[in-house]
Amino acid sequence: MKYITIIIASLLLFSCEKAFFGPEPANSPEENFEILWKTLEERYSFFEYKSVDWDSVYQAYRPRVKADMTERELWNLLTEMLDILQDGHVNLRSEFDTYFYPWYEGAPENFDRFFLEENYWGDFEITGSLFNAVIDSVGYIWYRSFNGPIREDDLDYLADKFAGLKGVIIDIRNNEGGNPENGFRLARRFADERRHIYTTIYKNGPRADDFTEPDEAFLEPEGKRLADKVVVLTNRTTYSAGNFFAAMMKAFPNVTLIGDRTGGGGGAPVGWELPNGWAFNFSSSITWLPDGFIIEHGVAPDIRVDWTEEDRAAGKDTILEEAMGWF
């Protein structure tokens with residue numbers, strides 16, 4: 001089996017050794033199924049947490065694999081099986097389609113960038129990747145993707161711009177992830193002192209209990225401080241690196257999370273390639289907060305708020321209004 005070093009930018013770096021050696025496997029529906037199922041059996045991190053009996057899944061799906069299946073029939077079968085994991089970091093990619101689990105499905109929208117621009121942002125600036133404004137003596141930053149680079153010079157500029165204000169709102173609603181290092185770089189500007197933010201273990205072997213020793217992550221102040229009082233806005237479309245950012249910010253007593261719980265995505269994905277060339281990714285780690293809460297299914301806000309239709313009609317963002325009243 002060919003190992004490919006795919007690490008999505010929305011995650012923590014993770015490395016593991018090649019799992020298979022020897023001749024390339026045959027490109028058949030049966031072999032493609034076996035490799036996908038077996039790789040997940042040995043490397044997926046959340047079977048126990050999600051109470052998924054992967055052997056039973058094999059018994060249910062393997063008899064449905066036929067030698068004369070079309071590519072689309074195989075695709076439909078594999079993606080139906082992957083749906084059982086309910087994991088947005090599990091995906092399958094071919095030349096004709098891409099599968100991922102819609103973690104945000106059925107969640108309240110709770111965000112509209114153009115509504116905010118029209119009703120709140122005024123003469124906003126775009127400093128690097130950070131949309132920012134001053135709203136009623138409160139600094140406001142919307143960060144739409146953790147793939148957008150954050151430079152220290154940008155943060156220094158915003159620290160000067162927001163100096164003397166009541167506090168700062170960081171809006172990461174609809175932020176579906178990216179590079180977690182950008183989250184660390186931003187969060188350091190709000191940290192009050194060095195604190196333990198979360199702990200991670202990585203799946204590193206084929207047995208169910210093959211995980212690394214716990215790796216504790218810490219974050220401490222660095223650079224010009226952006227604010228003493230901070231509110232982070234989240235919703236269910238906040239995912240992956242956005243989920244990790246919410247988790248790390250929750251560790252600080254000067255930070256309040258307002259909105260809906262994040263969408264989750266608490267496992268670092270790695271990837272393999274099937275004999276037919278389809279690539280797939282899956283979660284390979286487990287992360288929990290200092291109190292033991294596993295963040296795979298999202299980080300809860302300190303104050304739960306949804307955007308009401310009445311406020312929308314009145315030109316108000318309920319979640320942002322709640323945050324403004326916090327200062």
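Derivation of every value follows stated rules applied to the coordinates shown; laboratory data play no part. Bear in mind the structure is a predicted one, so any value in this text is a computation, not a measurement. When we count neighbours, we look across all protein chains shown, and the Cβ atoms used for this are built from the backbone with ideal geometry, even at glycine.
Some notes on this structure:
- Contact order relative to length of region 86-143, as percent, for alpha carbon pairs under 8 angstrom and 6 or more apart: 18 percent
- Sequence ranges 60-71, 127-138, ranked by mean other-Cβ count within 10 angstrom, highest first: 127-138, 60-71
- Residues whose placed amide H lies under 5 Å from that of residue 147, excluding near-sequence neighbours: 179
- Considering all different alpha carbon pairs of region 127-282, the Kirkwood hydrodynamic radius works out to 16.7 Å.
- Gain on full stretching of the segment that runs from residue 309 to residue 117 - 0.36 nm per residue minus C-alpha separation: 67.3 nm
- Peptides 110-118, 232-240 ordered by average Cβ neighbours within 10 Å, highest first: 232-240, 110-118
- Entry note, the chain: relative contact order of 22 percent, from Cα contacts under 8 Å with a spacing of 6+ residues.
- Value of relative contact order over region 174-230, rounded to a whole percent, pairs C-alpha under 8 Å and six or more apart: 41 percent
- q = 0.14, 0.15 Å⁻¹: log10 I(q)/I(0) that the Debye formula gives for region 116-164, counting C-alpha atoms only: -0.33, -0.38
- Full-stretch length increase - residue 48, residue 209 - with 0.36 nm per residue and alpha-carbon distance subtracted: 57.0 nm
- Scattering curve values for region 72-113, log₁₀ I(q)/I(0), Debye with Cα scatterers, q = 0.14, 0.34 Å⁻¹: -0.40, -1.21
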